[in-house]
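Working notes, structure below.
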Amino acid sequence: MLDLVVLSLHFLLCFLIFLAIWRGHEDVDLPSSSTGTAEMKPDGLILIGKEEDIKKSHRITAKVNGREVVVFYHEGKFHALDSRCYHEGGPLCLGEIEDINGQACIVCPWHKYKITLETGEGLYEGINPLEPSPTPQWQSKGVKQRIHKVTVDNGNVYVSPPDLSVSFDSDYFADKYKNGGDLSKEK
């Protein structure tokens, strides 16, 4: 019986360590703007948080008109995009940022899809089989992920509400998780 208790405690400890490592960067969740608790400026910008807080944590998630958005601070710039990957809804807030051909890209933790922070383009590495010695080159799939305009004013970071007259692949998962919030970060 004692062996079972020790084994259970060992399993629990390993699981907690796994969660701590897997969790990665600190995420800060802010109140949803749809509840009216987030500050909105007269020009429609939605307060996400304090500039210094986001710079320290390097990323923050928030709700913008009920939509989950992640704001990254990377190499002196703020970037905002839908927090769910356009491919299968992976949580981009848990992804790592990589430099690919001079472009900062978030890497989806589920399937390693790469998305540029500046434009929302999906990138893939491919070859041209017609070349005599094909070498892999980074290519664009086009804009797949909705990005959001970020404004910094008086030490506060604001995001513009999305222009829904134009659709992006990430809209499907943004809508799917809109009412359920952060349903599951695990796959």
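Here are the numbers for this structure:
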| quantity | calculated |
| --- | --- |
| Residues with amide H under 5 Å from that of Lys149, placed H, sequence gap 5 or more | Ser160 |
| Proximal lysines relative to Lys141, as straight alpha-carbon distance under 17 Å, when same-chain residues fewer than 8 apart are discounted | Lys112, Lys114 |
| Check: the range 39-187 dipole with +1 on Lys, Arg Cβ and -1 on Asp, Glu Cβ, in debye | 320 |
| Distant-in-sequence amide H partners of Ile100 (H built 1.01 Å from N, under 5 Å) | Cys105 |
| Under-5 Å amide H pairs with Arg59, H placed in peptide plane, nonlocal only | Tyr73 |
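Bear in mind these aren't lab numbers, they're just calculated from the coordinates by the rules spelled out. Since the structure is predicted, the reported quantities are computational estimates derived from the model, not experimental observations. All Cβ positions, even for glycine, are placed from backbone atoms using ideal geometry, and neighbour counts span all protein chains on display.
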